[in-house]
Each structure stands twice: as structure tokens, then as C-alpha cells.
1. I need 13, 123 ordered by Cβ neighbour count within 10 Å, fewest first.
2. Beta carbons within 10 angstrom, averaged per residue: use that to sort the peptides 113-122, 134-143, highest first.
3. Using Cβ contacts closer than 10 Å as the measure, can you line up 103, 21 from fewest to most?
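Just so you know, all these numbers are worked out from the coordinates, no wet-lab data involved. Note that the structure is a prediction, hence the values are computed from the model and not measured. Neighbour counts are summed over all protein chains in view; Cβ atoms, including those assigned to glycine, are modelled from backbone coordinates with ideal geometry.
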Amino acid sequence: MIARDDQAGFDAFVRRSSDRLLRTAYLMCGDRQHAEDLVQTALLRTARRWSSARAEPEAYARRVVVNLARDRWRSLSRRPDEAPLELDVPVPVRDGVADRDQLLRAARRLPAGQRAVLVLRYFDDLSVADTAAALGCSTGTVKSQTARALGTLRAALTTEQELSDADRR
């Protein structure tokens, strides 16, 4: 595992990076419990390889989170779709919340690769090169996936806005 003298460094890394890794995992998988599981597994794997990961532990752990999320997507594609529990409880709409909810609904409909690129580029604020490294692909793939994802989001949000405007009339 981790040598006793390296434990303090690993503990500091965990305190510094856990929230950011959890946010990334949540945005990639869309479920808090699964995101927490991904982060715990990523931290465990990072701890096991601390001697090589300590140079850039956040990049290493982020790559593990991305790979675990990909494995989950592959696993989910092999079984029937999960259906969310529908509750008949009205949700109050406040200023800005409806826009965020629309964006999250539209983002959940994106293919997994496009969603991962958006999460890493815009929520984790990674460069194109860092995103490509985290995903294990070329910078050109990151750019094309980003363009496709943003186009899909624009189209989806425009359609939802037009539908909600029509409902108000």
C-alpha cells in the first residue's frame, strides 16, 4: 500500500481532491451513489499505485474515474435500461433552476463519450490536451466530440424552450 512517510501526502491529496473527483464522477454517471463508489474505488487504486501516482495524483485519479465510468457505461449497455422512479410530487420552479434542470436532462441524453468530454472540459476546466490524456484519445477527438455535444445541447435546449413557450400560450 502506502509507505508510512507517504501517508501524509496521500491524505492531503484526498482532502484536496475528493470533492472535485466526486463532482466529475457525478457528472459522468448522473447518480450520486454510483459517483461515490467510483471515487472510493479510484482513491483505493491511486493509493495502491501511490509511488508512481504521487507525481500527478489528481490526473491519475481522474483517469481512474473516467475508466471506471466507461466500464459502468459498458456494463449498463449490456442490460435493460434502468427506469427512474417517478414521483407525483410537484417541483417548484425558481429562477435559474428550470434552466439548470433542462441542461442536466439534455446532458443525460448525450452519448457517454460526449458527456465525458463536456464534464472534463467545462466542469473540471481541463485543457484539450489534458482532456485527451484523461480519456486516452487524441486532441482532435476531444475537439470533435465537444463540437458535437454542444450542438446537440443547443438543439435540445432550443426545442425544450420552444415547447415550454408553446405551453404557456
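1. Ascending number of Cβ neighbours within 10 Å: 123, 13.
2. 113-122, 134-143
3. Taking fewest neighbouring Cβ atoms as first place, the list is 103, 21.
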